[in-house]
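Taking it in order: structure first as structure tokens, then the write-up.
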Amino acid sequence: MADDDKKDDKELSEDEKLAAEWEAAMEETGEEGEQEDEWAAAMAEAGESSDDVQAAPMEEFDAGSAAQGDGPAPDIDVILDIPVTISMEVGNTQIPIRNLLQLNQGSVIELDRLAGEPLDVLVNGTLIAHGEVVMVNEKFGIRLTDVISPGERIKRLQK
């Protein structure tokens, strides 16, 4: 009989042995039967009470209702001191790394914009306006020629 047990042990994989040990341990503690009974009781209870279940009414919200809330208006002063990065983009292009590595002083990179086209004004990488370069007291500046509406900015962010 002992030889048969050894053959069985050799034929069983390590995972099967471990599973058999857990099964034996669970049978000794008697928890397996209790757990199944608890689940069976819970499922039966859920089945009985399903007739009494009613769907909760859902309220429909339109886009303007959040802005017109009954509470106090949000205090914009909280965000006024948060720094943002403003950048002006003359244009852009894509070039292979091979060409990038060959650039040196005096190299010219062709951009996707025509001369005289407005620059893009970006705040934290988001387009907010277009403008043109001006000189103010020997320094470059930008005069805004077209400001993107807040609604249009939101549409662009959602894309």
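In table form, for the structure just shown:
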| item | result |
| --- | --- |
| Computed Rg/Rh of segment 77-158, alpha carbon atoms with Kirkwood Rh | 1.05 |
| Neighbour-count ranking [beta-carbon atoms within 10 angstrom, fewest first] of Asp120, Asp75 | Asp75, Asp120 |
| Residue-count net charge about Arg143 - beta-carbon cut-off 15 Å; Lys, Arg +1, Asp, Glu -1 | -3 |
| Stretchable slack from Ala73 to Ser149, in nm (0.36 nm times residue separation minus alpha-carbon distance) | 25.2 nm |
| Built amide H within the under 5 Å cut-off of Ala129, gap 5+ | Val121, Ile148 |
| Under Karplus coefficients 6.51, -1.76 and 1.60, residue-wise ³J(HN,Hα) of segment 97-114 in Hz, glycine/proline x | 4, 4, 5, 4, 5, 8, 5, 8, 4, x, 5, 10, 10, 7, 9, 7, 10, 8 |
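Each value in this text was obtained by applying a stated rule to the coordinates, not by laboratory testing. The structure presented is a predicted model; accordingly, all values stated were derived computationally and were not measured. Positions of Cβ are backbone-derived with ideal geometry, glycine not excepted, and every protein chain shown enters the neighbour counts.
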